[in-house]
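Have a look at this one before I ask anything.
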Amino acid sequence: MKSRILVDSCVIVSASILVSSSDIDEKLSIKHHFYEECKELFTFIQKNLAKRIGIITYTIENEALGVLDKVIEGELKSRGYSRENFEVFSAVFNICENRMRGLIALLQREPVDSADVAQKILLIKKMYEEMKEKAVKLPKTAALKTQTVPPKFRRALNWFELFKTQDEMEHAQLYNLLRKDVEPSDIAILAEAYHLYTTYIATEGKGGNLYIASKDSHFVPVRRKGWTYEGREITDEIQKRFGIICEHPKKVKELFIKKQ
């Protein structure tokens with residue numbers, strides 16, 4: 001099989017949110033904090049458009065389009081604007097939605113067999129249940145007493161405190177799983193990815209990789225600048241059981257180029 005990159009909804013959302021003051025005649029500019037990293041991946045996909053390396057499913061597309069207004073609302077609220085300011089909200093939403101649809105157009109939407117996906121969902125659920133059982137047995141730390149977890153698409157991996165010990169760093173994904181359970185949509189996305197991966201192998205043979213580019217810590221490693229260690233137990237388990245490599249957009253690009 002040839003290598004492909006399945007782009008998660010949070011990456012699509014992050015790469016869609018960029019608005020300058022000149023766009024809306026307001027003293028307002030918005031850029032998602034993951035915009036640069038996520039947009040860089042789309043630039044790479046666009047440069048290799050003929051190779052059709054970027055893929056998406058209807059589930060991911062629907063989720064990205066479905067949460068965009070909430071993410072924009074949060075971005076505006078943090079800058080002192082409310083959704084009731086209809087003209088500003090509408091202008092920002094239209095700009096970001098148009099950009100999102102342009103990004104989605106760069107991706108190949110892959111059909112999935114719903115019956116097979118349903119079977120694979122059971123396997124995905126089983127894995128997360130087992131990882132949660134493992135997490136429960138870990139020592140309790142101050143990390144479990146921190147602030148409420150922000151929405152997935154606004155803060156992604158930035159919610160947590162800087163863990164102070166090697167043990168806490170290495171188990172960061174599991175601690176996060178205790179704080180915020182994996183969402184049904186994430187389970188569905190991973191099941192669809194596994195379905196596609198097995199389909200590619202069956203029709204094309206082995207050889208390439210399937211990457212999931214994401215900012216969701218239920219998929220990708222937890223790492224911070226200055227850390228010697230990283231939390232990647234769930235990431236490694238996904239690759240071990242299902243053969244799928246989950247990474248941050250920048251790392252996916254690096255791995256993909258290295259594989260070529």
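Every number in this text was worked out from the coordinates using simple rules, so none of it is lab data. What you are looking at is a predicted structure, and each value in this text was computed from that prediction instead of being measured. Quick reminder, even Gly has a Cβ in these numbers, built from the backbone with ideal geometry, and neighbours come from all protein chains shown.
Looking at the range 183-199, can you tell me whether even one residue there is in contact (Cβ under 8 Å) with a residue 24 or more places away in the chain and more than 24 Å from residue 62 (Cα to Cα)?
no
Report, by residue number, each residue of the range 30-52 that is β-branched (Val, Ile, Thr) and surrounded by fewer than 20 Cβ atoms within 10 Å (Cβ to Cβ). Explain how you work it out, then say what you get.
First, the residues of the range 30-52 that are β-branched (Val, Ile, Thr): 30, 43, 45.
Selection gives 43 alone.
Moving on to the next point. Just to check your reading of the model, which residue among 26, 63, 37 is of a type in the set (D, E, K, R), touching a Lys or Arg at 6+ places or on another chain (Cβ under 8 Å) and either in a helix (DSSP H, G or I) or in contact (Cβ under 8 Å) with a residue 24 or more places away in the chain (or both)?
Values: 26 fails: touching a Lys or Arg at 6+ places or on another chain (Cβ under 8 Å); 63 fails: touching a Lys or Arg at 6+ places or on another chain (Cβ under 8 Å).
Testing whether each residue is of a type in the set (D, E, K, R), touching a Lys or Arg at 6+ places or on another chain (Cβ under 8 Å) and either in a helix (DSSP H, G or I) or in contact (Cβ under 8 Å) with a residue 24 or more places away in the chain (or both) leaves just 37.
For the condition among the basic types (Lys, Arg) and closer than 26 Å to residue 202 by Cβ, what is the one hit in 77, 2, 47? Full working, then the answer.
Details: 77 fails: closer than 26 Å to residue 202 by Cβ; 47 fails: closer than 26 Å to residue 202 by Cβ.
None of the others qualify; the one that does is 2.
Of all residues in the range 72-121, which are under 12 Å from residue 19 (Cα atoms), among the acidic types (Asp, Glu) and surrounded by fewer than 16 Cβ atoms within 10 Å (Cβ to Cβ)?
97, the sole residue that qualifies.
Let me ask you something else. Having 1 or more residues that are buried (at least 21 other Cβ atoms within 10 Å of the Cβ) and within 17 Å of the chain's Cα centre (by Cα) is the bar; report the helices (runs of 4 or more DSSP H) wholly within the range 164-255 that clear it.
On the way: elements: 166-170, 172-179, 184-204, 233-242.
Of the helices (runs of 4 or more DSSP H) lying wholly inside the range 164-255, those with at least 1 residues that are buried (at least 21 other Cβ atoms within 10 Å of the Cβ) and within 17 Å of the chain's Cα centre (by Cα) span 172-179, 184-204, 233-242.
Still on this structure, I have one more. Taking only the range 1-23 into account, find how many residues are without any contact (Cβ under 8 Å) to a residue 60 or more places away in the chain and either crowded, with 17+ Cβ neighbours inside 10 Å or not in a loop (DSSP other than H, G, I, E, B) (or both). Before you say what the answer is, go through the steps one by one.
Residues of the range 1-23 that are without any contact (Cβ under 8 Å) to a residue 60 or more places away in the chain, as a first pass: 20-22.
Add one more test, that the residue is either crowded, with 17+ Cβ neighbours inside 10 Å or not in a loop (DSSP other than H, G, I, E, B) (or both), and what stays is 21-22.
Residues that pass the stated criteria total 2.
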